[in-house]
Amino acid sequence: MSFGSGFGIPVRKKSTIPSGSISARDKEAEFEALKQRIHAKLVDKLDLSRVGELEGDLLRREIRLVVEHLCDTEDTLLNRSERERLIEEVLDETLGLGPLELLLKDPSISDILINGPHNIYVERGGKLEKTTVKFRDDNHLLQIIDRMVSRVGRRVDETCPMVDARLPDGSRVNAIIPPLALDGPAVSIRRFGSRPLKLEDLLNFKAFTPEMVMLLEGAIKARLNVIISGGTGSGKTTLLNTLSSFIPNNERIITIEDAAELQLQQDHVVRLETRPPNIEGKGAITATDLVRNALRMRPERIIIGECRGPETLDMLQAMNTGHEGSMTTLHANSPRDAIARIETMIMMSGVELPLKAMRQQIASAVDIIIQANRLQGGKRRITHIAEVVGMENDTIIMQDIYRYIQTGIDESGKAIGRFVATGVRPTFMDRLEAAGVRLPSSAFRERVMLEDR
């Protein structure tokens with residue numbers, strides 16, 4: 001494919017960025033003006049029907065040739081590094097997400113937080129820092145937001161000013177625009193790398209101990225129902241992805257999410273995603289709709305990316321009616337808080353259940369609650385693995401099997417602590433043994449398992 005070299009573009013004499021005679025701000029402004037001119041001419045000259053025939057690196061190479069030619073016709077006095085920067089930024093603006101591409105290429109960044117066009121922060125190693133990346137104005141940022149969400153069939157405008165979406169690498173995007181966002185469009189991007197974190201990675205990061213892994217692996221293989229509880233950014237989805245690797249490859253798994261971000265490695269996975277209403281406010285498909293439909297699809301396990309509303313009751317009913325081994329996440333600060341949160345979400349379904357009946361439903365459905373927390377300094381740890389034992393009067397009885405106890409902070413401001421075994425032997429051990437999972441009795445002996453420093 002060739003876009004041709006005879007563009008018929010008038011030569012703009014001495015479109016220069018002189019060094020020394022103008023300030024750095026003026027120099028940057030002229031650089032931006034030059035970039036916009038070249039980008040506008042590129043859009044005018046591209047044969048969009050031919051562009052659609054190419055993909056990936058080949059498309060980028062072909063368009064790069066056109067951009068290089070346009071730089072020559074502008075007769076710029078850019079040095080080599082400035083010219084290369086201009087070409088890359090024009091390509092990012094044309095094919096990618098503009099100024100965000102620089103941040104998305106950095107694997108050390110876990111979150112990108114955009115507060116209007118000129119205030120962009122990132123999280124590295126658990127700490128927030130401001131970047132020098134900027135958008136031209138609100139309209140430029142809105143164009144990039146629209147490009148992000150339209151790829152997955154979502155939209156954002158004044159009638160629908162909030163949106164959840166995902167990037168091609170699985171990263172989760174939330175955007176909110178004026179008039180709800182008063183200081184310009186706001187975007188939060190939770191990064192998910194192209195290579196999912198594996199069990200070995202989490203062990204190296206001391207997110208949990210080998211004994212905890214043995215128990216969780218056995219629980220998944222024995223088809224216990226698992227809830228992962230935690231706050232924002234505590235690693236719930238990462239943990240769910242990791243634990244799902246223990247599901248046998250021959251089982252049929254159905255996942256349900258608002259914005260698909262799970263990265264299951266099994267062969268037999270059906271991925272379902274909710275749908276927001278259209279511009280007329282119709283056509284929405286909720287998580288509750290998808291859970292009910294999933295029950296008709298012969299699932300062996302159902303995984304809900306996050307329970308946050310009425311679908312919780314349907315999920316519990318599925319767990320209680322032959323779909324053992326299901327998993328989900330929810331927002332809560334402790335296993336006991338997770339139970340209270342489940343009760344609240346059941347009430348959101350509009351079904352009038354007596355408190356005791358509601359708690360019996362929870363106690364019979366949920367086997368294990370795993371609590372993930374983001375500690376001071378950015379460390380992410382599994383702080384509780386708790387078993388739901390049953391009911392006593394009107395109270396759900398739980399017991400901690402393993403815990404993480406924070407004992408202080410180190411000189412760099414990061415939490416330190418220890419993982420401990422409480423000495424409690426789970427009551428579901430017979431289910432593990434029936435599934436062929438045998439854990440050593442020493443795994444539950446009361447002791448300090450690992451000092452985390």
### Summary
Computed from every Cα-Cα pair in the range 67-197, P(r) in 10 Å bins starting at 0 and rounded to whole percents is 12, 39, 32, 15, 2
### Query
Summing -39500 (n - 2.57) over the DSSP H runs of n ≥ 4 in the chain and dividing by its residue number, what mean residue ellipticity at 222 nm do you reach, to the nearest 500 deg cm²/dmol?
-10000 deg cm²/dmol
## Note on the structure
Reduced to Cα centres, the span from the range 380-399 to the range 281-359 in Å works out to 18
### Summary
Here the Cα Rg-to-2.2 N^0.38 Å ratio for the range 202-270 is 1.14
### Task
Give the value in nm², to one decimal: projected area of the alpha carbon convex hull of the range 65-132, averaged over all directions.
5.7
### Query
Is the range 390-453 best put as rounded, prolate or oblate by its Cα gyration tensor, with a ≥ b ≥ c the root eigenvalues, rounded for a/c under 1.5, and otherwise prolate when a/b is larger than b/c, oblate when not?
oblate
### Message
Quick check for you: with a 1.4 Å probe and neighbouring chains kept, what is the accessible area per residue of the chain, in Å²?
### Response
48
### Query
Over the chain, what percent of the accessible surface lies on carbon and sulfur atoms, probe 1.4 Å?
50
#### Entry: Longest to shortest principal axis, alpha-carbon extents of the range 238-325, angstrom
43, 26, 21
### Task
Tell me which residues come under 5 Å, amide H to amide H, from Leu450 once H is placed; ignore anything under 5 positions away on its chain.
Phe419
### Message
Shape verdict for the range 341-440, please, from the Cα gyration tensor: rounded (a/c under 1.5), prolate (a/b greater than b/c) or oblate.
### Response
oblate
### Query
Cα gyration tensor of the range 246-389, axes a ≥ b ≥ c as square roots of the eigenvalues: rounded (a/c below 1.5), prolate (a/b > b/c) or oblate?
rounded
### Distance from the range 171-218 to the range 69-128 (C-alpha centre basis), Å
23
### Task
Please list Ser150, Ser326, Ser441 in order of solvent-accessible area, largest first, computed with a 1.4 Å probe with all protein chains present.
Ser441, Ser150, Ser326
### Message
Keeping all protein chains in the complex and leaving out DNA, RNA and ligands, what accessible area do you get for Glu158 with a 1.4 Å probe, in Å² to the nearest 10?
### Response
150
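The values are calculated or read from the model by the stated rules, or taken from the named source; none is laboratory data. Not measured: the values here are computed from a predicted model. Note: areas computed on protein heavy atoms with side chains; ligands, DNA, RNA excluded. Shrake-Rupley method; radii C 1.70, N 1.55, O 1.52, S 1.80 Å.
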